[in-house]
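Notes follow once the structure below has been shown.
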Amino acid sequence: MAAETAPAVVASVAEERVSVASNWRLVWWRFKKHRLALLSALVLIALYLVVLCPEFFSTQDPEATDARLAFMPVQRVHLFDGTRLSPWVPGVVGKRNPTTLRMEWRVDESRKIPVGFLTAGHPYRWLGVAPARLHLVGAASTDSREQVHLLGTDRLGRDQWSRLVHGTRTSMTIGLVAVMFSVVLGVLLGGISGYFGGLPDLVIQRAIELLQSLPTIPIWLALTAALPRDWSPQQVFFAITVILSLVGWTTLGREVRGRFLALREEDFVLAAELAGASRRRIIARHMVPTFLSHIIATSTLAIPVMIINETSLSFLGLGIRPPAISWGVLLQEAQNLQTLALAPWLLIPGLAVILAVLAFNLVGDGLRDAADPYSQ
Amino acid sequence: MTRYVLKRLVLLPVLLFLFSVTVFAIVQAPPGDFLTTYVATLASSGSSISAEQVEALRREYGLDQPVWIQYLRWMENLAKGNLGLSLEYQRPNAELIGERLVLTVVLALFSFVFTWVVAVPAGIYSAMHPRSALDYTLTILNYVGVATPNFMLALVLMWSAFAYFGVSVTGLFSPDFVDARWSVARVVDLLKHLWLPAVVLGIAGTARLTRVMRANLLDELNKPYVTTARAKGLSEWRLVLRYPARLALNPLVSTIGWYLPALFSGSLIVATVMNLPNIGPLLLRALINQDMYLAGSILLIYCFLTIVGTLISDILLAWLDPRIRLEES
């Protein structure tokens, strides 16, 4: 008897939990079931930690050039020294080739450069204010010539790991900011279009169609080529986010419009109108919350597209410009076959792009599935 | 149906006019003009040009005229089928663009065919064998395919072909055929080189399409009519291909409208990396050198290709799906 009722009781308790839970709690419960999405969310959190303070995660100054250290290969990290846990990287010795005049590097496994955590390195300003010298990893050696290049160096002898970490800040922020612009534009214009209908709807719909039939990449290139050459990196960054979101908002605008059109006919909107709620209150309190989770899911899926676009534009030399660092700027170093043959590790920033885009896509998919908690 | 297509065709010139204004506004927006860039290039290479000569050239190219007159002159030439003169190359734009345009379209179409030939069967298989080993493999490949920027894929392929096989996979022709006249041998040579860029360009789309096909078909397979057909003893393959697969294809066809144009503009990046002779790298150079009539004409061609791509998909969809046809009439 008891064994029979127990599951029923559990089920009804669970049902009760579901029926009293808030919308957001339901979304969270469903999202939690997606192991991969959860894992990807952790990856994204880690990436944004890097965005907050790239200096702490870098091992050297990303701008420091040293022609004598050009094209140094990746130094593989060894965790154990014999059986003792003590990370080290092999020393690398360079010799100039007398015919090509190029530095040729050879890994010298016998020379061990110890790697330490939380070491003191080049000075920087923590979050742009507090002066600091602390770095997550670095060469734990007193000899300043013994340095760690976790991902090798580029043509000017700049440390690629440090540059990658700084590029993460630009690339991850640009995606986020561009999508934020798109969301504001999309919700505003899509909302006007869907809620009011009539002439505004007609004008906005035609504008969306016009923008969507533009060939995106060529037009973006033309627009970024038109940016004045003497603009500061901040101005260029801002301009590029605006250019990217100029087309980006249209998809969201369409979706929001569709939702508004469907919701306008719902009973609860009519009820709110009859109860004398103002238009603003109906939109903000009754309509928007019902599809907010969808907007979040859609915009999460839009961020990786923005990241790929920024990377491609910068790669072609018309996006973020050096001395600013972004993933695309880093990959520009790997643009021709000669350099690639010489220094294939210059492709590593591409892995960062793939990782970030993959994580955003998985989280976005998880959110999209979780966004509608009442559907089964 | 005819009315629907006609309506679209009437809209085409209107759209092109709007785009031409936008495009012209963009290409002449940068401060300075072609001659400022030209003088700067000359100065950096050590030679110089007198101010009078620059003024004479400026007058000759009409760069001293107000913007709207420059626009009208461009339009007038376009109406005559004349794409203008490239300031940098000193050759008619039409001559520069001609063959490159054909190669742009051919590359996009090849990618498109590749995408569909791979994505549809892969999607069907995945939907018929959900949670099988191959389904999981395909899913992982799809996620990675969507996440990889195509220039990255091109770089990796170029590098591995060079590092492991010692071959260079750039360009669309072997050295012997680059400047040769069109012949059967040249077409064969083109096909030999074309498949790799076509695959690179199509990978992301293939991944996306496979996922859509799988999801659509899975939805269809749960419907009662499929159970009925199965109960009647239809073989599994015939059962799936006969109705559900066709229904699942419909939403896919509606993606052609943005996919084909996306291939046209996406080929720009792949072409730049792999050094393909299509209009992408030409546009890039023209933009950097402020060769504005060439840049403007290429941009307008991209716009035209985009509109035509959308038009083709609209027609296809109306032809495939009777519901759309009825709605329009």
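The values are calculated or read from the model by the stated rules, or taken from the named source; none is laboratory data. A quick note: this is a predicted structure, and the numbers were derived from the prediction, not measured. Here Cβ is always computed from backbone atoms with ideal geometry, including for glycine, and neighbour counts include all displayed protein chains.
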Residues being over 21 Å from A:L156 (Cα atoms), acidic (D, E) and surrounded by 13 or more Cβ atoms within 10 Å (Cβ to Cβ) - total across region A:49-94: 0
Test: A:I325 is in contact (Cβ under 8 Å) with a residue 40 or more places away in the chain, touching a Lys or Arg at 6+ places or on another chain (Cβ under 6 Å) and either more than 9 Å from every other protein chain (Cβ to nearest Cβ) or among the aliphatic types (A, V, I, L, M) (or both): yes
Every residue from region B:22-40 that is more than 10 Å from every other protein chain (Cβ to nearest Cβ) and surrounded by 13 or more Cβ atoms within 10 Å (Cβ to Cβ): B:F24, B:D33, B:F34, B:L35, B:T36, B:T37, B:Y38, B:V39
Output the residue which, of all residues in region A:191-232 that are of a type in the set (G, A, S) and in contact with a Phe, Trp or Tyr (Cβ under 7 Å, 6 or more places away or on another chain), is nearest to the other protein chains (Cβ to nearest Cβ). A:G194
Apart from one, (1) among the hydroxyl-bearing types (S, T, Y); (2) part of a helix (DSSP H, G or I); (3) away from chain A (no Cβ under 14 Å) all hold for B:Y89; the odd one out is (2)
Residues (surrounded by 18 or more Cβ atoms within 10 Å (Cβ to Cβ) and either free of Cβ contacts under 8 Å to residues at least 12 places away in the same chain or not aromatic (F, W, Y) (or both)) located in region A:186-200: A:G186, A:V187, A:L189, A:G190, A:G191, A:I192, A:S193, A:G194
Search region B:150-169 for residues being at the interface with another protein chain (Cβ under 7 Å from one of its Cβ atoms) and in contact (Cβ under 8 Å) with a residue 24 or more places away in the chain, and hand back the single one that is nearest to A:Q335 (Cα to Cα). B:L155
Matching residues in region A:328-357 (touching a residue at least 12 places away in the same chain (Cβ under 8 Å), surrounded by fewer than 20 Cβ atoms within 10 Å (Cβ to Cβ) and facing chain B (nearest Cβ under 9 Å)) number 3
Taking region B:289-329 as the search range and keeping residues that are acidic (D, E) and not in a helix (DSSP H, G or I), which one is modelled with the lowest pLDDT? B:D321
Being part of a strand (DSSP E or B), surrounded by fewer than 17 Cβ atoms within 10 Å (Cβ to Cβ) and among the small types (G, A, S) is the requirement here; does A:A132 meet it? yes
Cβ-Cβ under 6 Å, sequence separation 6+ or interchain: first residue in region B:265-280 and free of Cβ contacts under 8 Å to residues at least 24 places away in the same chain and within 9 Å of chain A (Cβ to nearest Cβ), partner part of a helix (DSSP H, G or I) and crowded, with 24+ Cβ neighbours inside 10 Å. Which pairs? B:L268/B:G280
Among the listed residues A:N309, A:N361, identify the single one that is in contact (Cβ under 8 Å) with a residue 60 or more places away in the chain and surrounded by fewer than 24 Cβ atoms within 10 Å (Cβ to Cβ). A:N361
Of those in region B:173-186 that are in contact with a helix residue (DSSP H, G or I) (Cβ under 7 Å, 6 or more places away or on another chain) and at pLDDT 75 or above, the residue surrounded by the fewest Cβ atoms within 10 Å (Cβ to Cβ) is B:S174
Would you mention how many residues in region A:103-132 are of a type in the set (D, E, K, R), within 24 Å of A:E63 (Cα to Cα) and out of contact with any helix residue (DSSP H, G or I) (no Cβ under 8 Å at 6 or more places or on another chain)? 1
The number of residues in region B:242-264 that are more than 10 Å from chain A (Cβ to nearest Cβ), in contact (Cβ under 8 Å) with a residue 12 or more places away in the chain, in a helix (DSSP H, G or I) and not small (G, A, S) is 12
